[in-house]
Amino acid sequence: MQTLTALQVMQDAPVIPVIVLDQVQDAVPLARALVAGGIRMLEITLRTPQALACIEAIAREVPQAVPGAGTVRNRADVQAAQRAGARFLVSPGYTHALGQAAHATGLPLLPGVATGSEIMAALDDGYTALKFFPALASGGTALLKAWNGPFAEVRFCPTGGISPQNAPDFLALPNVACVGGSWLTPTEAITRQNWDGITRLATQAAQLRS
Ligand code: 3PG
(Lines give C-alpha, C1' and ligand atoms only; values in the text may rest on other atoms or scores of the structure.)
Protein backbone atom coordinates (compact mmCIF):
# COMPACT_ATOMS: atom_id res chain seq x y z
CA MET A 1 0.00 0.00 0.00
CA GLN A 2 1.30 3.42 -0.97
CA THR A 3 2.81 5.46 1.86
CA LEU A 4 1.45 8.98 1.79
CA THR A 5 3.11 12.22 2.79
CA ALA A 6 1.29 14.63 5.08
CA LEU A 7 1.06 17.08 2.19
CA GLN A 8 -0.57 14.44 -0.02
CA VAL A 9 -3.12 13.83 2.72
CA MET A 10 -3.87 17.56 2.85
CA GLN A 11 -3.98 18.12 -0.90
CA ASP A 12 -6.35 15.29 -1.85
CA ALA A 13 -9.46 17.43 -1.28
CA PRO A 14 -10.27 20.87 0.18
CA VAL A 15 -11.65 19.34 3.39
CA ILE A 16 -10.65 16.54 5.76
CA PRO A 17 -13.78 15.44 7.66
CA VAL A 18 -13.33 15.14 11.42
CA ILE A 19 -15.43 12.12 12.29
CA VAL A 20 -16.79 10.88 15.63
CA LEU A 21 -18.32 7.41 15.45
CA ASP A 22 -20.20 5.72 18.26
CA GLN A 23 -21.15 2.56 16.39
CA VAL A 24 -18.91 0.35 14.29
CA GLN A 25 -21.81 -0.50 12.02
CA ASP A 26 -21.90 3.11 10.81
CA ALA A 27 -18.24 3.23 9.75
CA VAL A 28 -18.44 1.52 6.37
CA PRO A 29 -21.61 3.20 5.05
CA LEU A 30 -20.32 6.56 6.26
CA ALA A 31 -16.97 6.07 4.50
CA ARG A 32 -18.75 4.99 1.31
CA ALA A 33 -21.00 8.07 1.48
CA LEU A 34 -18.00 10.41 1.81
CA VAL A 35 -16.07 8.68 -0.98
CA ALA A 36 -19.15 8.96 -3.22
CA GLY A 37 -18.97 12.72 -2.68
CA GLY A 38 -15.27 12.89 -3.56
CA ILE A 39 -13.77 12.89 -0.05
CA ARG A 40 -11.31 10.03 0.54
CA MET A 41 -9.11 11.19 3.43
CA LEU A 42 -11.14 10.42 6.55
CA GLU A 43 -10.04 11.44 10.05
CA ILE A 44 -11.65 9.11 12.58
CA THR A 45 -11.10 10.63 16.00
CA LEU A 46 -9.95 8.36 18.82
CA ARG A 47 -12.64 9.80 21.08
CA THR A 48 -14.95 6.84 21.31
CA PRO A 49 -14.28 3.26 22.40
CA GLN A 50 -15.26 2.10 18.90
CA ALA A 51 -12.92 4.39 16.95
CA LEU A 52 -10.17 1.83 16.33
CA ALA A 53 -12.67 -0.80 15.23
CA CYS A 54 -14.19 1.76 12.86
CA ILE A 55 -10.77 2.44 11.30
CA GLU A 56 -10.26 -1.31 10.93
CA ALA A 57 -13.61 -1.77 9.23
CA ILE A 58 -13.00 1.06 6.76
CA ALA A 59 -9.47 -0.15 5.99
CA ARG A 60 -10.82 -3.64 5.32
CA GLU A 61 -14.01 -2.87 3.43
CA VAL A 62 -13.69 0.49 1.68
CA PRO A 63 -10.56 0.36 -0.47
CA GLN A 64 -11.26 3.77 -2.04
CA ALA A 65 -11.15 5.45 1.37
CA VAL A 66 -7.99 6.42 3.25
CA PRO A 67 -8.76 6.11 6.96
CA GLY A 68 -6.68 8.17 9.37
CA ALA A 69 -6.72 8.50 13.14
CA GLY A 70 -7.46 11.83 14.81
CA THR A 71 -7.06 12.95 18.42
CA VAL A 72 -3.76 11.05 18.52
CA ARG A 73 -2.07 12.26 21.71
CA ASN A 74 0.74 9.85 22.61
CA ARG A 75 2.83 6.86 21.57
CA ALA A 76 0.17 4.34 22.57
CA ASP A 77 -2.39 6.10 20.35
CA VAL A 78 0.09 6.11 17.45
CA GLN A 79 0.73 2.40 17.76
CA ALA A 80 -2.93 1.47 18.20
CA ALA A 81 -3.85 3.57 15.17
CA GLN A 82 -1.24 1.87 13.03
CA ARG A 83 -2.38 -1.58 14.15
CA ALA A 84 -5.95 -0.68 13.21
CA GLY A 85 -4.88 0.25 9.69
CA ALA A 86 -4.76 4.04 9.90
CA ARG A 87 -2.87 5.53 6.93
CA PHE A 88 -2.29 8.92 8.55
CA LEU A 89 -2.35 10.51 12.00
CA VAL A 90 -3.69 13.85 13.23
CA SER A 91 -2.98 15.28 16.69
CA PRO A 92 -4.60 18.18 18.58
CA GLY A 93 -1.19 19.37 19.86
CA TYR A 94 2.47 18.48 19.52
CA THR A 95 5.13 16.85 21.68
CA HIS A 96 8.58 15.63 20.67
CA ALA A 97 7.66 12.15 21.95
CA LEU A 98 4.61 12.07 19.68
CA GLY A 99 6.68 13.19 16.72
CA GLN A 100 9.25 10.47 17.36
CA ALA A 101 6.57 7.80 17.75
CA ALA A 102 4.97 8.82 14.46
CA HIS A 103 8.32 8.86 12.66
CA ALA A 104 8.91 5.30 13.90
CA THR A 105 5.74 4.08 12.19
CA GLY A 106 6.45 5.74 8.86
CA LEU A 107 2.90 7.11 8.89
CA PRO A 108 2.40 10.79 8.07
CA LEU A 109 1.44 12.94 11.05
CA LEU A 110 -0.36 16.27 10.90
CA PRO A 111 0.73 17.77 14.23
CA GLY A 112 -1.61 20.27 15.85
CA VAL A 113 -0.16 23.73 16.52
CA ALA A 114 -1.55 27.05 17.70
CA THR A 115 1.60 29.09 18.48
CA GLY A 116 4.91 30.00 16.90
CA SER A 117 6.80 27.96 19.50
CA GLU A 118 4.77 24.86 18.66
CA ILE A 119 5.43 25.38 14.95
CA MET A 120 9.16 25.64 15.71
CA ALA A 121 9.10 22.42 17.75
CA ALA A 122 7.35 20.60 14.89
CA LEU A 123 9.76 22.04 12.32
CA ASP A 124 12.72 20.91 14.45
CA ASP A 125 11.41 17.35 14.16
CA GLY A 126 10.91 17.57 10.40
CA TYR A 127 7.18 18.34 10.25
CA THR A 128 6.17 21.05 7.76
CA ALA A 129 2.51 20.13 7.08
CA LEU A 130 0.61 21.04 10.24
CA LYS A 131 -2.91 21.19 11.61
CA PHE A 132 -3.79 24.65 12.96
CA PHE A 133 -6.05 23.93 15.92
CA PRO A 134 -8.31 25.38 17.24
CA ALA A 135 -8.21 27.65 14.21
CA LEU A 136 -11.00 30.11 14.83
CA ALA A 137 -10.44 30.43 18.57
CA SER A 138 -6.70 30.96 18.10
CA GLY A 139 -6.79 33.78 15.56
CA GLY A 140 -8.15 32.36 12.31
CA THR A 141 -7.07 33.83 8.99
CA ALA A 142 -5.30 36.78 10.63
CA LEU A 143 -2.90 34.46 12.46
CA LEU A 144 -2.29 32.38 9.32
CA LYS A 145 -1.38 35.57 7.42
CA ALA A 146 1.03 36.56 10.19
CA TRP A 147 2.67 33.11 10.18
CA ASN A 148 3.26 33.26 6.44
CA GLY A 149 6.15 35.65 7.16
CA PRO A 150 8.41 33.68 9.53
CA PHE A 151 7.06 30.23 8.60
CA ALA A 152 6.50 30.60 4.86
CA GLU A 153 7.46 26.98 4.13
CA VAL A 154 4.72 25.57 6.40
CA ARG A 155 1.39 24.40 4.99
CA PHE A 156 -1.59 24.32 7.33
CA CYS A 157 -4.88 22.49 7.73
CA PRO A 158 -6.96 24.88 9.88
CA THR A 159 -9.49 22.96 11.98
CA GLY A 160 -11.91 24.00 14.71
CA GLY A 161 -14.71 26.41 13.88
CA ILE A 162 -14.47 25.97 10.11
CA SER A 163 -17.77 25.96 8.19
CA PRO A 164 -18.81 25.98 4.53
CA GLN A 165 -19.27 29.74 4.97
CA ASN A 166 -15.79 30.63 6.21
CA ALA A 167 -13.83 27.79 4.55
CA PRO A 168 -13.26 29.76 1.30
CA ASP A 169 -11.51 32.54 3.27
CA PHE A 170 -9.07 29.99 4.71
CA LEU A 171 -8.59 28.07 1.45
CA ALA A 172 -7.70 31.30 -0.37
CA LEU A 173 -4.57 31.76 1.77
CA PRO A 174 -1.26 30.63 0.21
CA ASN A 175 -0.20 28.68 3.32
CA VAL A 176 -3.47 26.72 3.64
CA ALA A 177 -3.52 23.32 1.92
CA CYS A 178 -6.97 22.24 3.15
CA VAL A 179 -9.29 22.69 6.10
CA GLY A 180 -10.70 20.20 8.60
CA GLY A 181 -14.20 20.11 9.99
CA SER A 182 -16.96 18.08 11.52
CA TRP A 183 -19.75 19.62 9.46
CA LEU A 184 -19.65 16.91 6.79
CA THR A 185 -20.65 14.24 9.28
CA PRO A 186 -23.31 15.65 11.62
CA THR A 187 -24.19 13.35 14.49
CA GLU A 188 -27.86 13.54 13.58
CA ALA A 189 -27.21 12.42 10.00
CA ILE A 190 -25.16 9.46 11.25
CA THR A 191 -27.81 8.51 13.81
CA ARG A 192 -30.49 8.59 11.12
CA GLN A 193 -28.19 6.81 8.66
CA ASN A 194 -28.78 9.64 6.21
CA TRP A 195 -25.94 8.59 3.92
CA ASP A 196 -27.30 10.46 0.90
CA GLY A 197 -27.30 13.65 2.93
CA ILE A 198 -23.67 13.06 3.89
CA THR A 199 -22.76 12.44 0.25
CA ARG A 200 -24.36 15.80 -0.60
CA LEU A 201 -22.33 17.57 2.10
CA ALA A 202 -19.17 15.85 0.85
CA THR A 203 -19.89 16.80 -2.76
CA GLN A 204 -20.27 20.46 -1.74
CA ALA A 205 -17.09 20.29 0.36
CA ALA A 206 -15.12 18.72 -2.50
CA GLN A 207 -16.04 21.68 -4.70
CA LEU A 208 -15.13 24.39 -2.19
CA ARG A 209 -11.95 25.43 -3.92
CA SER A 210 -13.31 25.57 -7.47
C1 3PG B 1 -12.27 18.76 16.44
O2 3PG B 1 -11.19 18.44 16.86
O3 3PG B 1 -13.35 18.48 16.99
C4 3PG B 1 -12.24 19.48 15.19
O5 3PG B 1 -11.48 20.60 15.34
C6 3PG B 1 -13.57 19.78 14.62
O7 3PG B 1 -13.95 21.04 14.94
P8 3PG B 1 -15.34 21.56 14.39
O9 3PG B 1 -16.39 20.73 15.04
O10 3PG B 1 -15.38 23.01 14.81
O11 3PG B 1 -15.33 21.40 12.89
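Annotation: of all residues in the range 83-97 being of a type in the set (A, V, I, L, M) and away from the ligand (no atom under 15 Å from the Cβ), the one that is farthest from Glu61 (Cα to Cα) is Ala97.
Scanning the range 192-203 for residues that are of a type outside the set (Ser, Thr, Tyr), over 16 Å from Ile16 (Cβ atoms) and part of a helix (DSSP H, G or I) turns up Trp195, Asp196, Gly197, Arg200.
Against the test of being away from the ligand (no atom under 15 Å from the Cβ) and either buried (at least 20 other Cβ atoms within 10 Å of the Cβ) or farther than 12 Å from Pro14 by Cα (or both), the options Phe170, Phe151 yield a single qualifying residue, Phe151. Within the range 87-113, the set of residues being in contact with a Pro (Cβ under 7 Å, 6 or more places away or on another chain) and in a loop (DSSP other than H, G, I, E, B) comprises Arg87, Ser91, Tyr94.
Here's the yes/no breakdown for (1) touching a Gly at 6+ places or on another chain (Cβ under 6 Å); (2) among the small types (Gly, Ala, Ser):
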| position | (1), (2) |
| --- | --- |
| Leu52 | no, no |
| Glu61 | no, no |
| Gly70 | no, yes |
| Thr95 | no, no |
| Gly99 | no, yes |
| Gly112 | yes, yes |
| Thr115 | no, no |
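Taking the range 154-167 as the range and being within 16 Å of the ligand (Cβ to nearest atom) and either touching an Asp or Glu at 6+ places or on another chain (Cβ under 8 Å) or part of a strand (DSSP E or B) (or both) as the test, the residues that pass are Phe156, Cys157, Pro158, Thr159. Residue check: Arg192 meets all listed conditions (1) surrounded by 15 or more Cβ atoms within 10 Å (Cβ to Cβ); (2) over 25 Å from Ala121 (Cβ atoms) but one, namely (1). Looking only at the range 1-31, count every residue that is under 14 Å from Ala65 (Cβ atoms), in a strand (DSSP E or B) and among the β-branched types (Val, Ile, Thr) and tell me the total. Qualifying residue count, the range 1-31: 2. Every listed requirement among (1) within 15 Å of the ligand (Cβ to nearest atom); (2) on the phi > 0 side of the Ramachandran plot; (3) surrounded by fewer than 21 Cβ atoms within 10 Å (Cβ to Cβ) is met by Gly126 save one, (1). Checking each residue in the range 175-191 for being among the hydroxyl-bearing types (Ser, Thr, Tyr) and either within 8 Å of Pro17 (Cβ to Cβ) or at pLDDT below 95 (or both) picks out Ser182, Thr185.
The values are calculated or read from the model by the stated rules, or taken from the named source; none is laboratory data. Treat the numbers as computed from the prediction; the structure is a model and nothing was measured. Backbone-built Cβ (ideal geometry, glycine too); neighbour counts: all protein chains shown.
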